[in-house]
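Enquirer: The structure is given below, and queries will be raised subsequently.
The values are calculated or read from the model by the stated rules, or taken from the named source; none is laboratory data. None of the values given here were measured: they were computed from a predicted structure. Counting neighbours? That spans all protein chains shown, and the Cβs are built from the backbone with ideal geometry, glycine included.
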Amino acid sequence: MTFFNDSSSTSPGCISRAYSRVPNGDGPGYESKYPRRSCRWSRNRCPLVVISVCATLLLLYPIFRFSEVPDIREYRVYRYWQKGQLAKSSRIEPILGNSSNPLQLYYPPVGEDFRPHVAPYNHAPAERPRTPLLIPFTRNNDMLRQAVLGYIAAGWPREDIVIIDNGGTLDASSSNLLSRDNPFFVDYELYRKRYGVAILQTPTLLNFAQLQNYFLRLAISQGWPYFFWSHMDVGIIGDEATSPYKSFYEKVLDVLDESTAPHPNKNITWSIQLNETRATMGNWAIKFFQFDNLALVNVDAWRVIGQWDTFVPYYNTDCDAYARVLFHGYTKDDVSAGHIFDVADQISADLDELETKLFPAAQISLNATAAAAQLAQYRAEVAALQNETFITPEQAVYSPGQYILNDPDQRPNSARFQRLFNDFAAMQTKKYSTERNSWQNQQKGGKGEPWTYDPRGFQRAWWETAGYGRDLYTKKWGTLDCRLSNVKLTDEWASEYPELHPKPEPSSSSSSSSSSSVATPTESSTSPEDAPQMLATTTATDVAIEMATATATAALDSQDQQTGAAGQSEQSVEYERERLRVLAEMAKIKAFEKELELAGGTHHDWAGMDDDEVDVGAVAKKDKMKRLVKHSVVVGEDGHSEVEEQQQQQQRRPALKKRWVQRASSGEWYLG
C-alpha cells in the first residue's frame, strides 16, 4: 500500500490516499476550517508526534499492566476454549532449556500437556522469579515419584524442578534397559512426558559430598545466585489448616523475598520467560526447611566457605560443611513453608491412587485447556468474593451453578488433605521408631542388568564407605562431635600434624599457680578408668569421646617428654605416636562396648546421624552413641535378622582388636 503519492498533481502533494476523505480545498470556507499544511510540516513533525505518543504509552504501560484492578478479559477468554479452540501453550520453558544435550546428559520434558494439574488454590503466581529445585536420586524410584508429585501438588512449578539421576547406571535408565525392581531404575518416560519434569544425569555415581559440589558447579554454570535442593524421602504438603492460607510454594517465595534484593523496577516483579532470578543479600549461607530436607543455598557464600569435603563422603560431611559455615561468619537459618515429613515409605504404591491422594479428584483428568479455564474461573470467583461490585460469580462461570469454590476438595483443609496429613505423620513416626534408612534397600532386583552394581553389595559398600568417612572426619577435626563447638577453623587436621599447631605456652603469671595442678601422664584427671563415674553424669557420646581424647592426649604428652629427653629419632617418634593412636581407638571401642551394654544391646541403623536429625526420645538416645566407631556398627539391611547381625558383630570385635594389637606391635599403622 502506498501511503505517499508524490505523482499526484490535482491536490497538494504529500497527502496519502489513506486520508482521501479529508476535504481537498475545493469547497467554500475550506481555508478557515482546514488550514493548508506544508509537506515539510507533515514529514518532519508528524513522526515526532507519533513517537511521543508511543513513548507515553510505553511509560504508562506498567501502571496499567500491574495495577490491582483485575482484567475482565482474563475471565472471558475461556469462552473461546468452549467453542473448541485450543488454548495456545503458555508453558514456561524448563529452567535448563527445552533441548536435550547429550554432552551435558540433559533430558528435558517432552510435550506440553502435563498432568496432574495443580489445584487452583496452590497454583504458582504468574509473576515470580525462577526457583531451581534439584532432587537427587540414587535408589528407589517409588520414593522419588512421591517427592516429585508432592512438590508439584504443593505449587512448585514443574518447569523449575530438575531430577538429578545419580544412579550410576550410565545410559541404562534413559534407554529403558532396567527392570522396575532394580533399585537404580528411574522412570524417564513418566517424569518427562506425564509430569513435565527435566532429568539431569551425573556422569557416574557420586557420593553425597560430591553431589553437593555438583549442585554448586551447576548453579555457577547457569548463573544462579541461589538454588534449592531436597531429599527424596520426604512428604510435602502445605499448611492448609491455617487461615488466611498461603500455599507451600508461596511461603517459599516469601522466604526468598526476605533473602534477596527486590527488582530494580518498582512496577515489575519478575519475568519467568527471561529466566530471571533475584540477587542474594545478607550473610546467610543456607536456609533449612525442616533441617536440610529442603534447603535454599546462597552460591556466593559458598565461594568463601569452600567445597564439601569429598573425603568425608556421607555421614558427618554435613557436620563438616555446616560448621565451616559458622567458622566463616555466615549463618544457617531455620525457616518454614509448610509440612515436610521425613518418611521411609509411600502413602500408596499404586500410581493412580498416589495421584488422587495428592491432588483433588477433579484435577486428574483435566487437559491443559480445561485446566487453564478452571484457573481463570477460580480467580474470577475469588475476585467476586473480594469485590462484589467488580464481577459476580454468575458472570464468571460458563456453566451456571457450577462454582469451583463450592467443591470442598478444591478448597484448603479438605477431608482429603486431613487424611493425607495423618498418613504422612504416621509414616514419619514409623520411620523414627524402626529402621530409618530401610527405604534405600527395599528393592533388590536388577542383578546382572546393564551398568548395575549388585544391590546387596552396594548397601554393604555404602555403609563401609560412610564409616571410613567418619574416621577421616575424626582425624580432620580431632573429634567426632558434629557441632564442633570446641573447635576452630585453624584446628583443621591439627591432630594429625601437631608440629604445625603448637600448644600455647602458659603465661608466666599463672605458671606458678597452675604448676601444682598440672597432671602428669600418670596423674591424668581423665582416664579410661574414670568411665563408670562419668556415665552417671554425662551422655554416652560425651563419655566415649572424652575417654579417647584423654587417653590419646595423656599418652602423647608422655611420649613427647620421654622422646625429648632421650633424643629419639623422628622415625621412632612417629612410630610411637601411631601406636598410641591405635590405643586411643581401642579406648573408643571399650567405651562403645560399655555403652552398648548399658543400652541393652539394641541395634539400629542410625549410625552417623547427628543430633539435629534424630530426636525421638529414648530410642534415639540409645542409638546416637553408635556413631562413635564405625568398625563396631553392622547395618541390618542386607536380609539378615538383627540377632544374626549382633552375632556377627560380636564375632568380629575380638578379631578386630587382635588385628589392631598386632599392628601396634609390628608397626603396621594404617587403620583406614
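Enquirer: Answer yes if at least one residue in region 300-308 is within 24 Å of residue 425 (Cβ to Cβ) and buried (at least 16 other Cβ atoms within 10 Å of the Cβ), and no otherwise. Please lay out each step first, then the result.
Expert: Restricting attention to region 300-308, the residues satisfying the condition of being within 24 Å of residue 425 (Cβ to Cβ) are none.
No, there is no match, as no residue in region 300-308 is within 24 Å of residue 425 (Cβ to Cβ) and buried (at least 16 other Cβ atoms within 10 Å of the Cβ).
Enquirer: For the condition modelled with pLDDT of 95 or more, closer than 25 Å to residue 153 by Cβ and not hydroxyl-bearing (Ser, Thr, Tyr), what is the one hit in 301, 321, 285, 295?
Expert: 295
Enquirer: Looking at region 318-364, which of its residues are surrounded by fewer than 18 Cβ atoms within 10 Å (Cβ to Cβ), among the β-branched types (Val, Ile, Thr) and either under 17 Å from the mean Cα position of the chain (by Cα) or outside any helix (DSSP H, G or I) (or both)?
Expert: Result: 331, single match.
Enquirer: Ok, one more. Checking residue 332 against (1) outside the structural domain of residue 300 (by TED's automatic domain parsing); (2) under 22 Å from residue 287 (Cβ atoms), which test does it fail?
Expert: (1)
Enquirer: Let me ask something else about it. Six or more apart or on different chains, Cβ atoms under 7 Å: show the pairs whose first residue is in region 88-115 and on the phi < 0 side of the Ramachandran plot and at pLDDT 90 or above and whose second is of a type in the set (Val, Ile, Thr) and assigned to a loop (DSSP other than H, G, I, E, B).
Expert: If the second residue must be of a type in the set (Val, Ile, Thr) and assigned to a loop (DSSP other than H, G, I, E, B), the pairs left are 109/197.
Every residue, every condition in (1) under 22 Å from residue 233 (Cβ atoms); (2) buried (at least 19 other Cβ atoms within 10 Å of the Cβ); (3) at pLDDT 90 or above, yes or no:
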| residue | (1), (2), (3) |
| --- | --- |
| 433 | yes, no, no |
| 436 | yes, yes, no |
| 443 | yes, yes, no |
| 465 | yes, no, yes |
| 468 | no, no, yes |
| 478 | no, yes, yes |
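Rundown of residues vs (1) in contact with a Lys or Arg (Cβ under 8 Å, 6 or more places away or on another chain); (2) aromatic (Phe, Trp, Tyr), yes/no style:
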| site | (1), (2) |
| --- | --- |
| 103 | no, no |
| 107 | yes, yes |
| 112 | yes, no |
| 123 | no, no |
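Enquirer: Find all pairs meeting these conditions: Cβ atoms under 6 angstrom apart; at least six residues apart or on different chains; first residue within region 302-315 and in the same structural domain as residue 326 (by TED's automatic domain parsing) and on the phi < 0 side of the Ramachandran plot; second residue in a loop (DSSP other than H, G, I, E, B) and of a type in the set (Gly, Ala, Ser).
Expert: Within 6 Å, the pairs are 315/608.
Enquirer: Another question about this same structure. Which of the residues spanning region 383-409 are under 29 Å from residue 92 (Cα atoms), out of contact with any Asp or Glu (no Cβ under 7 Å at 6 or more places or on another chain) and at pLDDT 85 or above?
Expert: 407, 409
Enquirer: Of the conditions (1) among the small types (Gly, Ala, Ser); (2) touching a Pro at 6+ places or on another chain (Cβ under 7 Å); (3) modelled with pLDDT under 95, residue 243 satisfies every one except a single condition; which number is it?
Expert: Among (1) among the small types (Gly, Ala, Ser); (2) touching a Pro at 6+ places or on another chain (Cβ under 7 Å); (3) modelled with pLDDT under 95, the lone unmet condition for residue 243 is (2).
Enquirer: Here's another thing I want to ask about it. Take region 432-469 and flag every residue that is part of a helix (DSSP H, G or I) and among the basic types (Lys, Arg). Show your work before the answer.
Expert: Taking region 432-469 and keeping what is part of a helix (DSSP H, G or I), we get 432-433, 438-441, 455-469.
If the condition is that a residue be part of a helix (DSSP H, G or I) and among the basic types (Lys, Arg), then 456, 460 are the ones that fit.
Enquirer: Also, quick follow-up: Name the residue, out of 173, 243, that is in a loop (DSSP other than H, G, I, E, B) and buried (at least 19 other Cβ atoms within 10 Å of the Cβ). If you could, list the steps in order and put the result at the bottom.
Expert: Details: 243 fails: buried (at least 19 other Cβ atoms within 10 Å of the Cβ).
The unique qualifying residue is 173.
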